[in-house]
Amino acid sequence: MSLDSKIPEGPIDQKWTKHKMDSKLINPANKRKFTVIVVGSGLAGGSAAASLSEMGYQVKCFCYQDSPRRAHSIAAQGGINAAKNYQNDGDSVNRLFYDTVKGGDFRSREANVHRLAEVSSNIIDQCTAQGVPFAREYGGLLDNRSFGGAQVSRTFYARGQTGQQLLIGCYQALQKEISKGGVEMHTRTEMMDVVLVDGHAKGIVVRNLVTGEISSHAADAVCLATGGYGNVFYLSTNAMGCNVTAAFKAYKRGAYIANPCYTQIHPTCIPVSGDYQSKLTLMSESLRNDGRIWVPVSKDDAEAIRDGNKKPEDIAEEDRDYYLERKYPSFGNLAPRDISSRAAKEVCDEGRGVASTGLGVYLDFKDAIERLGEDVIRARYGNLFQMYEKISGDNPYQTPMQIFPAVHYTMGGLWVDYNLQTTIPGLHCLGEANFSDHGANRLGASALMQGLADGYFVLPTTIANYLAGQKPGSINTKMDEFTQAEAIVKERIDKLININGTRTVDSFHKELGLLVWEQCGMARSKEGLEKALKRIPEIREEFWSTARIPGDADGVNTELEKAGRVADFLEFAEVMCTDALSREESCGGHFRLEYQFTEDSAEVKEGKTQPGEALRRDDEYAYVAAWEFNGVGIPPTLHKEDLEFENVHLAIRSYA
Ligand SMILES: Cc1cc2nc3c(=O)[nH]c(=O)nc-3n(C[C@H](O)[C@H](O)[C@H](O)COP(=O)(O)OP(=O)(O)OC[C@H]3O[C@@H](n4cnc5c(N)ncnc54)[C@H](O)[C@@H]3O)c2cc1C
């Protein structure tokens, strides 16, 4: 199948307007005849479900938590970007567009990114109207702060709880539609498969997580807003339940997965503290507005700190290396995440890391507290400081925080065209679950922007382009396709329950996670990826013969839920490593050790970049890699969507 991205014709700044004008309309009397399934009620799914219902469609919305309020979006801390230019510091739609394309290391689709930048302002208006309590300046205007990869302040925030406040706004809108009867909400319900009728997505099979019942739901279109797959790495900043299952089931039914190797490793997380940890904690990027990142200049000082013989306060100013400020003077501590993470790894690899493991750097607020006073810092970041102190036992007002990069976000996901439709007609995908607008690296505060752009503004317009060609209500769950899909789901659950082995599901997840972290994490190489690709099928085989899943399938069984998700990670990880192996370049979050600038590179000699920076190979790899499923353990087929850069010219990405 050839990939048609359906990018509208015309100048970049008119494409979305033109597309809205050219898009099909469904009249209000007909809208209510269409049913749309939305799987996911985080910011992307919740906003889509509420908006579609408000427009008159019948919506069925699903989530596995006990309330839409508990979607992982609630964890978002730092903020949401929008090109409002309230600060009058030179921001514009064009600048947000430019920053995002550059930030993504030139691996995103220009037309989508421009649309995102255009819609960004509407999101803030919508959320403010809902009552989201964005931080305000003294005069009453909404306040902004800066995030990585930008030299302007365009990030709107609600203290360190932006995701929570946005989700409450979105949830209110959803709840209004639920009580109006437009949205039928199914909580504690996990989607186990997509059902295709004549090649179109027309329903889903779900498991009730309380009773264990398997049932089907039919619709005229299906939308997946099921979040990211960062938990394939086991340790990540994602909520424990985040998984790849829904997207992966769609992949197995014919939806392509795009750029699965693009993972975002966030530079400011609390370092791993031991073998029995199951979760990592993010310290919001917003902290880099005021915190300065450093390690000791000398390995001896670093060693003394690690051994407990010195404290950070004992290191004199001239013996500190503020390495981001040194390497990237224009952006300093607000260099983008991929670059900041790699820089942290570099200084730790040199033996200058702090924390007992040597895998940590300092985030220091001493100067900011001296300059602004503790009260100001407390007002800006109080809840984050409190969280840090509770976890680490250190008071960050008095001593620097210790941080280290951790898996945080996934830029890869289901391939979608400009209408957010996957390669399966009728199956749409939004939010972090799609391959998104962030290319090879997402800029901070842009995920909330994208999820809400997709849900409030893009999908509600574009879905009509599909629905207008469909006969509403022509599908029902008595059709053979549903019976067959339910049988497949039941068979897989029986298989899991009947393994009757001795090894915990967690131990498999941990082994897989460590393997992909080492071979497909912050640095990748051909050798390491081949090693991972050999080992993953072995772990999978061991899982299916020795995993222990206690209990049965007829009620609440969280081990069974976890086992299904880990089984999918064990297949998905192979696609991720295959993608990483085939992309013989470094870009954004995908850093192949073989492809980096060296002292001898002409570009380094010309002063355009520095040794150790990612070496992109635009002639061969300026494409989206979309993978087609061929069977478990069989290499997937690669389809390429060539990327064209007409408005932001391909260049070495520099933040120096
Ligand atoms: C700690 C942290 C802080 C962050 N801070 C920021 C920030 O400040 N700014 C920013 O822009 N981004 C931030 N991000 C990223 C951002 O929060 C996420 O990318 C975004 O919230 C994802 O939203 P979503 O709606 O796509 O998915 P989610 O919020 O993950 O929602 C997924 C939904 O899908 C449902 N679901 C999943 N699978 C199934 C299934 N099989 N069956 C039924 N339902 C299913 C879930 O129940 C849930 O309702 C942060 C991320 C983390 C981890």
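Observations on the model:
- Candidates 210, 222 - the one that is assigned to a loop (DSSP other than H, G, I, E, B), closer than 29 Å to residue 491 by Cβ and within 14 Å of the ligand (Cβ to nearest atom): 210
- Among the residues of the range 582-614, those identified as among the aliphatic types (A, V, I, L, M) and out of contact with any strand residue (DSSP E or B) (no Cβ under 8 Å at 6 or more places or on another chain) are 602, 604.
- Picking from residues in the range 103-147 that are open to solvent by 30 Å² or more (accessible area, probe 1.4 Å) and not in a loop (DSSP other than H, G, I, E, B), the one that is nearest to residue 10 (Cα to Cα) is 118.
- Filtered residues of the range 498-512 (kept if of a type outside the set (Phe, Trp, Tyr), open to solvent by less than 70 Å² (accessible area, probe 1.4 Å) and assigned to a helix (DSSP H, G or I)): 505, 506, 507, 509, 511, 512
- Total residues in the range 400-435 satisfying the condition of being farther than 23 Å from residue 278 by Cα, open to solvent by 10 Å² or more (accessible area, probe 1.4 Å) and polar (S, T, N, Q): the figure is 3.
- Restricting the range 41-86 to residues that are of a type in the set (A, V, I, L, M) and open to solvent by 20 Å² or more (accessible area, probe 1.4 Å), the residue that is farthest from the ligand (Cβ to nearest atom) is 55.
- Residue 458 being open to solvent by less than 30 Å² (accessible area, probe 1.4 Å), assigned to a loop (DSSP other than H, G, I, E, B) and more than 12 Å from the ligand (Cβ to nearest atom): no
- When residues of the range 148-201 are limited to those that are more than 13 Å from the ligand (Cβ to nearest atom) and of a type in the set (Lys, Arg), the one surrounded by the fewest Cβ atoms within 10 Å (Cβ to Cβ): 180
- Residue check, residue 463 open to solvent by less than 10 Å² (accessible area, probe 1.4 Å), in contact with a His (Cβ under 7 Å, 6 or more places away or on another chain), more than 13 Å from the ligand (Cβ to nearest atom) and among the hydrophobic types (A, V, I, L, M, F, W, C): yes
- Taken together, the criteria exclude residue 340 from residues that are farther than 25 Å from residue 257 by Cα, surrounded by fewer than 24 Cβ atoms within 10 Å (Cβ to Cβ) and among the hydroxyl-bearing types (Ser, Thr, Tyr).
- Residue 242 vs. criteria away from the ligand (no atom under 16 Å from the Cβ), assigned to a loop (DSSP other than H, G, I, E, B) and under 28 Å from residue 420 (Cβ atoms): no
- Candidate set: the range 267-305, residues that are assigned to a strand (DSSP E or B) and more than 24 Å from the chain's Cα centre (by Cα); chosen: the one nearest to the ligand (Cβ to nearest atom): 293
- Looking only at the range 386-399, residues that are open to solvent by less than 50 Å² (accessible area, probe 1.4 Å) and either assigned by TED's automatic domain parsing to the domain that holds residue 589 or modelled with pLDDT of 95 or more (or both) come to 5 in all.
- Every residue from the range 225-239 that is of a type in the set (A, V, I, L, M, F, W, C) and more than 10 Å from the ligand (Cβ to nearest atom): 232, 233, 235
- Within the range 616-631, being open to solvent by 50 Å² or more (accessible area, probe 1.4 Å) and outside any strand (DSSP E or B) holds for 617, 619, 620, 629, 630.
- Residue within the range 474-483 that is surrounded by 15 or more Cβ atoms within 10 Å (Cβ to Cβ) and part of a helix (DSSP H, G or I) present: yes
- Residue that is surrounded by the most Cβ atoms within 10 Å (Cβ to Cβ), among those in the range 356-376 that are in contact with a helix residue (DSSP H, G or I) (Cβ under 7 Å, 6 or more places away or on another chain) and either at pLDDT 95 or above or under 14 Å from residue 333 (Cβ atoms) (or both): 361
- Search result, residues across the range 245-264 that are of a type in the set (Gly, Ala, Ser) and in a helix (DSSP H, G or I): 246, 247, 250
- Close pairs (7 angstrom Cβ cut-off, 6 or more residues apart or separate chains): on the phi > 0 side of the Ramachandran plot in the range 227-247, more than 9 Å from the ligand (Cβ to nearest atom) anywhere: 234/509; 234/510; 234/512; 234/513; 234/514
- Test: residue in the range 469-479 that is among the charged types (D, E, K, R) and without any contact (Cβ under 8 Å) to a residue 40 or more places away in the chain: yes
- Residues in the range 409-436 that are under 23 Å from residue 587 (Cα atoms), within 12 Å of the ligand (Cβ to nearest atom) and at pLDDT 95 or above: 409, 410, 411, 413, 414, 431, 432, 433, 434.
Condition check ((1) closer than 30 Å to residue 473 by Cβ; (2) within 19 Å of the chain's Cα centre (by Cα)) across all residues:
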{"position": "5", "(1), (2)": "no, no"}
{"position": "8", "(1), (2)": "no, no"}
{"position": "17", "(1), (2)": "no, no"}
{"position": "35", "(1), (2)": "yes, no"}
{"position": "38", "(1), (2)": "yes, yes"}
{"position": "47", "(1), (2)": "yes, yes"}
{"position": "50", "(1), (2)": "yes, no"}
{"position": "63", "(1), (2)": "yes, yes"}
{"position": "86", "(1), (2)": "no, no"}
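The values are calculated or read from the model by the stated rules, or taken from the named source; none is laboratory data. Quantities reported herein were computed from a predicted structural model and do not represent experimental measurements. Using ideal geometry, Cβ is built from the backbone for each residue, glycine included, and neighbour counts are taken over all protein chains shown. For the accessible areas, the whole protein counts, side chains as well, though only heavy atoms, and no ligand, DNA or RNA atoms are used. Shrake-Rupley method; radii C 1.70, N 1.55, O 1.52, S 1.80 Å.
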